[in-house]
Each structure stands twice: as structure tokens, then as C-alpha cells.
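No value in this document is a laboratory result; all are computed from the given coordinates. Because the structure is predicted, anything quoted here is derived from the model rather than measured. Every residue, glycine among them, receives a Cβ derived from its backbone with ideal geometry; neighbour counts consider all protein chains shown.
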Amino acid sequence: MAVCARLCGVGPARGCRRRQQRGGPAETAAADSEPDTDPEEERIEAGPSPPPPRCSLLDLPPELLVEIFGSLPGTDLPSLAQVCSKFRRVLHTDTIWRRRCREEYGVCENLRKLEITGVSCRDVYAKRINPRVKSGRFLRILPDYEHMEYRDVYTCLLHRYRHILGLWQPDIGPYGGLLNVVVDGLFIIGWMYLPPHDPHVDDPMRFKPLFRIHLMERKSATVECMYGHKGPHNGHIQIVKKDEFSTKCNQTDHHRMSGGRQEEFRTWLREEWGRTLEDIFHEHMQELILMKFIYTSQYDNCLTYRRIYLPPSHPDDLIKPGLFKGTYGSHGLEIVMLSFHGHHARGTKITGDPNIPAGQQTVEIDLRYRIQLPDVENLRNFNELSRIVLEVGEQVRQEQQQEAGEGPSQAQDPPPREADTVPAEGSGKPADGEAAAEQPAQSGKGQPFVLPMGVSSRNEDYPRTCRLCFYGTGLIAGHGFTSPERTPGVFVLFDEDRFGFIWLELKSFSLYSRVRAAFRNADAPSPQAFEEMLKNIQSLTS
């Protein structure tokens, strides 16, 4: 139509003379259905056309470039700065880097208004003593945040130390530990998580800072050791290799106390156990506590950390996997990671003791073998429970031997069998799967639970009803992880956040409660990475 209007000299709204010259309405309608151009007109229009206008980022106003660049990952911005001088000038806009700090690392502080939104960062502006001042006057040494740029915060602090964010296990011999390195306000802080005081397994976790990193000047980050009771002091961090870094204190005199080792031990005992040595009457426990203090105090100068991940979750898991704190007799409370692997569940020690060190699998549960506990009166009889569990253990052993005798290919992929078989009451023989589904525990009502006579427990405040019980094995060993062996036991599921394990050979009961802390940067990149991590931390203590 546009070509026709150009040839005829009239626009489409005024009508076309070519169409007006045609006959009746039928011809007019037929002409309307025909294309507006004929071959001759197409040849006229097919002449050289002007090239389309070129669109470039360089033609955009700086305000739009700021919005575009601010939405890109911070790791891509240095490459943009090398494109041209205009991009380099735009990338000096601080709002771009402030957005990157907020979206990638959660930094909400305003450097210009000196406002702190985080709770634990209130000491950013605390007074610091300048040792060069000898006249008794104190000099306030504060980071120059007013003249600092978000670009410096991102490049010199957050991006530089991004590899140490997440969960770590310190290499403290058999004791291990749990460290969470997070961006906290204008700091990167390494928080050491400690179990509650024994035997209060349901109490929240305790935590204390081991080190912190922040910018005291525009272009350099300062590492400070937080160990001891004399305040932050000079430290050093070195990334050894992937998923491993080390910290070093350059002023260990800040760790010492005026009262000597005795005062340090009393302070450590009060913080670690919440009591004095006189309150602990068991001589074996006193020896273990003193041994731990002597051993761990050797690591106040330098520590190495290895990355750990939280276990991935699957829809068919018995409960949500994660970290749990549990009772371990005279060793106190320890942290265990519960993870699910098909028909098995594993409890891996994150903190350990001289008998079973950190990194080892303290319990392993076979979810294919349900155990139906007897009634409460019969459950009080330890021999009755032991008989039931040992019969199931013998059945497990025989089936494992059969699978091993069938060859590697069959053993790797055994034929399916009932996953919910329950030994009938008073026997170790499997019951029908439908009967198992009708059990009160399966229906969610739970069943009464009480510890058999003679089974010791550090925490007598355990739940009196349980949902499910499974056959499992627990790892025991002599001092120094000598002669390790797996012995039968009972895994008792109480609810979504608590479970227990009865060690038959030790006649001991461990109660576990979920760690409710929110750990950041702790998810495994893949299930394979999590499995590899478990193998690595176990091999270090084998």
C-alpha cells in the first residue's frame, strides 16, 4: 500500500486511483485481496536501501550503563573496564559496587552515613588503643569509611577472601571442630561453634569469634586474631590450596593470662564445660578434660581448616539431614553430621575425642531393617532387647554374605526386597510389609519408649515416645583409635529434630538434637562433591 501511494500520489486514507478505475464491487474486493505490489513495482522497490542504524552500548547514556553494569556479576566488571575509557569511567560509580556488595555478599551498611545494621558489628567503631601513645591518652583509630569506596570493599575484602566463606573443620588432632566464616556487616568473621554444656543437648549452640578481616585503609585488608581475652591483635591468613586455608597469630602473648596456665585452665574449663574441676567427681572425666586442654592449647598459634558441606536433602529421606549435637558419656557433647545414602544413614563426627576422632562414622543405620520394640515392661529388660537386635544383626550378616557370594555385579545391585520389614514382636524374623505400615509408629502416633535397665544415659530427659527404630552399628575403639570395630545397636527416631542410639556392648545411650543455626555458604555444589568430602575427612583420621 505504501508503494501504491507513492506511485499514485495519494495516501491510503484517500483511496487509490488504480483501485478506483476497476469495475464493480467484486473486482474491487478481488483487488483488495491482491497484494499492493506487482512485479514491476517490486523491481522499483528492490533498489538500494539505507543501512539500518547501528546500536552500541557506547551510545547509551551513563545512567543506563550504571543500571546494566550493576546487574552483572562483580567478577565480570574488570573485563568491562578494559573495553574503553567510557566504561572505565562508568565503573568508578560507587552505586554499582554497592549493589554488588549487597546482592552477592549481603552487605547492607552505608559507608557514607556510618550506619551499622548488623548486631555483631557494633564494635566497628569501638575505641582502639594506639601503643605509640605513651602519655596515657587514648587515640581513637577508626576505619576511614567516610572516604572508602564500595569498590575497595568488594575487591580488597569480599572478593579477595571469598574462598574462605563457608563451613570448615579445624585440624585439632582428634577433636576437630566447626567453623563458619561469614560476611558480617563490614567484616569477614570466623565463628567457632561449640556444643552446649554437657549434658543439656537441647540447648542452643555457643559460638565465639576466632578471627576477623576488615579494611582499615582503602587498599589493604587487616586480619586480626580474636583468640584470648586481650582483644583483637595482629594475625595472618593463607589459602593453602583449594578448600583449605590456615590462620596464624602473630602476637601469641595476647593469649596468655597473668595468672599463668592455672588461670587459663580454669577460664577454659568454665567456658568449655560450664563448671569447675571440683564439680567433676569422675576421675576418668577429669583426665579427659585435662588431656583436651593440654592438647588444644598447642593450637592457639596456627590452625589449618578443611572445607565441609552440609548434607544434601532428598524427598524420601527419613528426616531432614544436617548437624546434630549428641551425648558421648565422659567425652561430653559432640557434633555429628547425619546424612542419607539410599538404604543407609550415616552419622559422621565433626567433633571427636581420643577414642573416635573427628571425621569417622560414629553410627551407621540400615533403613531396610525396622525393629519393633517390645512393650514397655519387656523393654526394661536389657536381655530381651539385646536378643531381638542380635537376631536381626545375624540376619543382616547372612544376607551380606549371600550378596558377596553372588559376584560383584549382583552385589552392587541386589534384588529389591521389602524396605519396611519389621521383626515380629519377640523375634528377629521379618514381618509382613503391610503389617509394618499399620504399626502405631508408622501412623504417626508413636510408641512408648523407655531405656532398658542398666543402660546409662548422660541426659535422662529423653522423649518417652518414639516413631521408628532401625538396626544399626556403632563405632567403638580404644584410646588413640586403636582396635576399632562396629558393634550392633538400635537407632531410635523420636521426631524431626531428635534421635537416639543404644550401644548394646557399651550399655550406653546417646541422645542427639538438631543444630538449629543457619549456616551460610555451606551447601555442597553436587552430591558427588559431598561424598568426596566425607571420604577426605575420614581418610585424614584413619
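Normalise the Cα radius of gyration of the stretch 157-200 by 2.2 N^0.38 Å (N = residues in it) and let me know the number.
1.40
Okay, which of the stretch 189-229 sit inside 12 Å, backbone N to the point 7 Å along the Cα-Cβ direction of D279?
Taking a point 7 Å out along Cα→Cβ of D279, the residues of the stretch 189-229 whose backbone N falls under 12 Å are 197-200.
Of the listed peptides 181-187, 67-73, what is their order by residue-averaged count of other C-beta atoms within 10 Å, with the highest listed first?
In decreasing order of mean packing, 181-187, 67-73 become 181-187, 67-73.
Measuring from centroid to centroid over Cα atoms, what is the spacing of the stretch 211-248 and the stretch 274-322 in Å?
23
If R₀ is 22 angstrom, what is the calculated FRET efficiency for the pair T304 and Q538, using the beta carbon separation as r and rounding to 0.05?
So the FRET efficiency works out to roughly 0.80.
What FRET efficiency do you get for H163 and D523 if R0 is 22 Å and r is their Cβ-Cβ distance, rounded to the nearest 0.05?
0.90
Taking the Cβ of G173 as the center, what net charge do the other residues with Cβ under 12 Å away carry, scoring Lys and Arg +1 and Asp and Glu -1?
Counting the neighbours of G173, the net charge comes to -1.
Of the cross-linked pairs K325/K349; K230/K292; K349/K535; K507/K535; K208/K325; K242/K535, which ones have a Cα-Cα span greater than 20 Å in the structure shown?
Going by Cα-Cα distance, K230/K292; K507/K535 fall outside the 20 Å limit.
Could you give each residue of the stretch 285-299 its phi-based ³J(HN,Hα) in whole Hz, using Karplus coefficients 6.51, -1.76, 1.60 with θ = phi - 60°, and x for Gly or Pro?
So the J values, rounded to whole Hz, are 5, 4, 5, 5, 5, 5, 4, 5, 5, 4, 6, 6, 5, 6, 9.
Does a label point 7 Å from the Cα of D461, set along Cα-to-beta-carbon, have any residues of the stretch 190-230 with amide nitrogen under 20 Å, and which are they?
Label zone hits: 194-207.
With the contact rule set at Cα under 8 Å and sequence spacing of 6 or more, what percent relative contact order holds for the stretch 289-359?
Contact order relative to length: 18 percent.
For H233, what is the net charge nearby, where nearby means another residue's Cβ is under 9 Å from its Cβ and Lys, Arg count +1, Asp, Glu -1?
The answer is -1.
So what's the net charge close to S71: Lys and Arg +1, Asp and Glu -1, counting the other residues with Cβ under 10 Å from its Cβ?
Value of the local net charge: 0.
Counting pairs of alpha carbon atoms under 8 Å apart in space and at least six apart in sequence, what relative contact order in percent does the stretch 174-252 give?
With pairs under 8 Å counted, the relative contact order is 17 percent.
The stretch 278-380: which trypsin sites (Lys or Arg not before Pro) are DSSP loop and have at most 16 other beta-carbon atoms within 10 angstrom?
R380
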